[in-house]
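What follows is a short report on a single structure.
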Amino acid sequence: MVLDNFYNNEISSKTGKPYHYLWTDDALSGFSQWGSLFEKDGAELKTLHEAPAAANLKGADIYIIVDPDTPKETKSPMTVDQTAIKTITKWVKKGGVLLLMENDSSNAEFQHFNMLAAKFGMHFNEVSIHHVTGHQYDMGAFTNLPDHPVFKGVSKIYMKEVSTISLSGNAKPVLTENGHVIIAVAPFGKGHVVAIGDPWLYNEYIDHAKLPDSFQNLKAAKNFTTWLLSLTEK
């Protein structure tokens, strides 16, 4: 399990250290709880602080890029370039599983990230849906869930301020709402690419730190983790 910390490299003003969607971040902003689910399924967690290259992706089964930075978040944000796109595309084609997790239009970089997504028939739209006012969490509820391993035994999840995804080629929707694609998957060579319009599984909303008991994000997170790992099976 390799998690990017190159394109998403926000620095905390309080600690002076990287934070936000990282395995090591155990605050509400982090991925520490999701990381523990991967470890329980037998995965080893790693973080990539450099641009992807054949050498540092060698041996990786899953590579996750989340919420690429904007100048508002980082003084000198790193953006996906053609060299990285060629490297990642070759890696997926050989059997890697790439997870792209975008954010809403005001909180993430789209232009360069979409150059990568386009290689797999995906395009993140610069929109923001599922707005939630205050603690009215049901405004962010998805209840019309498909018959898919990610949602087995799950009747209600929460996701707010999501970018939608346009699909072409072999890319197929996993979760949609009112004609909008929220989660998608595409086979590519021996590998797969999964796209989601939100970081979704960070600590704030993976369980019930804030969410009412009616939401089942933790169950969905466990399912999603197991399903993602199953895509690596040759």
Considering each residue of region 44-72, count those that are over 17 Å from the mean Cα position of the chain (by Cα) and either in a helix (DSSP H, G or I) or of a type in the set (A, V, I, L, M) (or both), and give that number.
6
Residues of region 133-155 satisfying the condition of being surrounded by 19 or more Cβ atoms within 10 Å (Cβ to Cβ) and in a loop (DSSP other than H, G, I, E, B):
Val154
Can you name every residue in region 73-103 that is assigned to a loop (DSSP other than H, G, I, E, B) and either surrounded by 20 or more Cβ atoms within 10 Å (Cβ to Cβ) or free of Cβ contacts under 8 Å to residues at least 12 places away in the same chain (or both)?
Lys75, Ser76, Val80, Gly96, Glu102, Asn103
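Listed here are the residues, each with its yes/no results for (1) hydrophobic (A, V, I, L, M, F, W, C); (2) part of a helix (DSSP H, G or I); (3) farther than 21 Å from Phe38 by Cα; (4) out of contact with any strand residue (DSSP E or B) (no Cβ under 8 Å at 6 or more places or on another chain).
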position: Thr176; (1), (2), (3), (4): no, no, yes, no
position: Ile183; (1), (2), (3), (4): yes, no, no, no
position: His192; (1), (2), (3), (4): no, no, no, no
position: Asp198; (1), (2), (3), (4): no, no, no, no
position: Glu204; (1), (2), (3), (4): no, yes, no, yes
position: Lys210; (1), (2), (3), (4): no, no, yes, yes
position: Asp213; (1), (2), (3), (4): no, no, yes, yes
In region 187-234, which residues are among the basic types (Lys, Arg) and surrounded by fewer than 16 Cβ atoms within 10 Å (Cβ to Cβ)?
Lys190, Lys210, Lys234
Residues in region 30-42: is at least one over 18 Å from His192 (Cβ atoms), in contact with a helix residue (DSSP H, G or I) (Cβ under 7 Å, 6 or more places away or on another chain), among the small types (Gly, Ala, Ser) and modelled with pLDDT of 95 or more?
yes
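The values are calculated or read from the model by the stated rules, or taken from the named source; none is laboratory data. Here the structure is a predicted model, which is why all the values come from computation and not from measurement. With ideal geometry, Cβ positions are generated from the backbone for all residues, glycine too; neighbour counts draw on all protein chains shown.
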